[in-house]
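The values are calculated or read from the model by the stated rules, or taken from the named source; none is laboratory data. Predicted, not measured: the structure shown is a model, and the values here were computed from it. Using ideal geometry, Cβ is built from the backbone for each residue, glycine included, and neighbour counts are taken over all protein chains shown.
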Amino acid sequence: MAADDGPRETILRNMKYERLGRSLIYRVLRPSIARFLASSTRDRGILAQCRVDLETMRDGATGQKKENLNYELRALDAFEKSINAIGIEGINFERASAASPLKMEGVSISVQPTAHIRVARPRGCDLVGAIIVDIAKGDIPKTEDSASRITNGMMHAAALIHQYVSNVFHGQDVKASQPHCVIFHTHRQERVCSPDNYWRMLRNVEAVCRNIARSWDGIVPPSSFDPSLSMTRH
């Protein structure tokens, strides 16, 4: 949404011809963070056990698998240092089960929160939301402009979380709350909530989805693409 035409083509190509190996990193840490947030006492023992498991796995691994586990351990360090910046005081986190993708303009958008959020109120219905804890280090912005684009992208993602929450809790006596639809980046300790004008951002997402749907079949594969080694996901 924030990219120029050239980078946008690269983004679309990487989406269609995704290298699945990258998605395997953090497969131990992510569920541990979800269990930690949802535990009634914010049990640090969950994170300590995660560290033991990762170190044990790393000691028996070699090559890229060992390096991936080192990434995961560094991400655990970053998460533990950023806990106070998440804003968890007075908030009840609940385990989030796998949800159906959002369907927008012919495009499926996967929104998989780390946890759901519920805030009980003495009057009126409870407030509900969700949080995605982004533990990937990613690229460090070098300019104010690049940092602004990253934050803008996070705001669009938070707006999608708001739409996800509205869908998941539809029909219940609760209210989807913008301040409780959150993206949190652990390495930058950046916390972004769904804005009040989230519906305008969803219009931007819909426009991007229309462009993706129109151009999808015409995306040229990268030179390294081997159809015999590929698989199709639906």
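Every residue in segment 197-224 that is closer than 21 Å to residue 162 by Cβ and of a type in the set (Asp, Glu), please.
Listed by number, the list holds a single entry, 206.
If you check residue 120 against the conditions, is it touching a Phe, Trp or Tyr at 6+ places or on another chain (Cβ under 9 Å) and hydrophobic (A, V, I, L, M, F, W, C)?
Numbers: touching a Phe, Trp or Tyr at 6+ places or on another chain (Cβ under 9 Å): no; hydrophobic (A, V, I, L, M, F, W, C): yes.
No; evaluated as a whole, the condition is false for this residue.
Would segment 77-91 turn up any residue that is touching a Pro at 6+ places or on another chain (Cβ under 8 Å) and at negative phi?
Applying the first criterion (touching a Pro at 6+ places or on another chain (Cβ under 8 Å)) to segment 77-91 yields none.
No, every residue in segment 77-91 fails to be touching a Pro at 6+ places or on another chain (Cβ under 8 Å) and at negative phi.
Are any residues in segment 70-91 outside any loop (DSSP other than H, G, I, E, B), in contact with a strand residue (DSSP E or B) (Cβ under 9 Å, 6 or more places away or on another chain) and surrounded by 15 or more Cβ atoms within 10 Å (Cβ to Cβ), and if so, which ones?
Our first condition is that a residue be outside any loop (DSSP other than H, G, I, E, B); within segment 70-91, this holds for 70-86.
Going one step further and asking which of them are in contact with a strand residue (DSSP E or B) (Cβ under 9 Å, 6 or more places away or on another chain), we end up with 79, 82, 85-86.
Matches in segment 70-91: 79, 82, 86.
Before we move on, is residue 210 surrounded by fewer than 12 Cβ atoms within 10 Å (Cβ to Cβ) and at pLDDT below 95? Quick ask: steps written out before the conclusion?
Numbers: surrounded by fewer than 12 Cβ atoms within 10 Å (Cβ to Cβ): no; at pLDDT below 95: yes.
Judged against the criteria, residue 210 is not a match.
Spot the failing condition for residue 198; the list is (1) of a type in the set (Ser, Thr, Tyr); (2) in contact (Cβ under 8 Å) with a residue 12 or more places away in the chain; (3) loosely packed, with under 15 Cβ neighbours inside 10 Å, and only one is missed.
That leaves (3) as the condition not met.
Among the residues of segment 167-213, count how many are of a type in the set (Phe, Trp, Tyr) and either assigned to a strand (DSSP E or B) or more than 15 Å from residue 155 (Cα to Cα) (or both). Talk me through it step by step, then tell me what you get.
So in segment 167-213, the residues of a type in the set (Phe, Trp, Tyr) come out as 169, 184, 198-199.
The next check asks that each one be either assigned to a strand (DSSP E or B) or more than 15 Å from residue 155 (Cα to Cα) (or both); those that pass are 169, 184.
Of the residues in that region, 2 qualify.
Answer yes or no: is there a residue in segment 55-69 that is surrounded by 14 or more Cβ atoms within 10 Å (Cβ to Cβ), β-branched (Val, Ile, Thr) and either at pLDDT 95 or above or in contact with a strand residue (DSSP E or B) (Cβ under 6 Å, 6 or more places away or on another chain) (or both).
Scanning segment 55-69, I find no residue that is surrounded by 14 or more Cβ atoms within 10 Å (Cβ to Cβ), β-branched (Val, Ile, Thr) and either at pLDDT 95 or above or in contact with a strand residue (DSSP E or B) (Cβ under 6 Å, 6 or more places away or on another chain) (or both), so the answer is no.
Could you check how many residues of segment 215-226 are of a type outside the set (A, V, I, L, M) and within 11 Å of residue 12 (Cβ to Cβ)?
As a first pass, look at segment 215-226 and keep what is of a type outside the set (A, V, I, L, M): 215-218, 221-226.
Filter once more, so that each one left must be within 11 Å of residue 12 (Cβ to Cβ): 215-216, 218.
Within segment 215-226, residues that are of a type outside the set (A, V, I, L, M) and within 11 Å of residue 12 (Cβ to Cβ) number 3.
How many of the residues making up segment 35-69 are in a helix (DSSP H, G or I) and among the polar types (S, T, N, Q)? Give the derivation first.
Step one: filter segment 35-69 for residues in a helix (DSSP H, G or I), giving 35-38, 44-59, 63-69.
With among the polar types (S, T, N, Q) added as a condition, the list becomes 49, 56, 64, 68.
Within segment 35-69, residues that are in a helix (DSSP H, G or I) and among the polar types (S, T, N, Q) number 4.
If you scan segment 214-234, which residues turn out to be part of a loop (DSSP other than H, G, I, E, B) and exposed (fewer than 10 other Cβ atoms within 10 Å of the Cβ)? Let's see the steps before the verdict.
The first filter runs over segment 214-234 and keeps only residues part of a loop (DSSP other than H, G, I, E, B), leaving 219-226, 230-234.
Residues satisfying the conditions are 223, 224, 226, 231, 232, 233, 234.
Does segment 95-117 include one or more residues that are in a helix (DSSP H, G or I) and surrounded by 14 or more Cβ atoms within 10 Å (Cβ to Cβ)?
Going through segment 95-117, the residues in a helix (DSSP H, G or I) turn out to be none.
No - not one qualifying residue is present in segment 95-117.
Any idea which residue in segment 136-166 is surrounded by the fewest Cβ atoms within 10 Å (Cβ to Cβ), counting only those that are among the β-branched types (Val, Ile, Thr) and in a loop (DSSP other than H, G, I, E, B)?
If we filter segment 136-166 for residues that are among the β-branched types (Val, Ile, Thr), which is where we start, we get 140, 143, 150-151, 161, 165.
Next, from what is left, pick out any that are in a loop (DSSP other than H, G, I, E, B): 140, 143.
Details: 140: 10, 143: 8.
My answer is 143.
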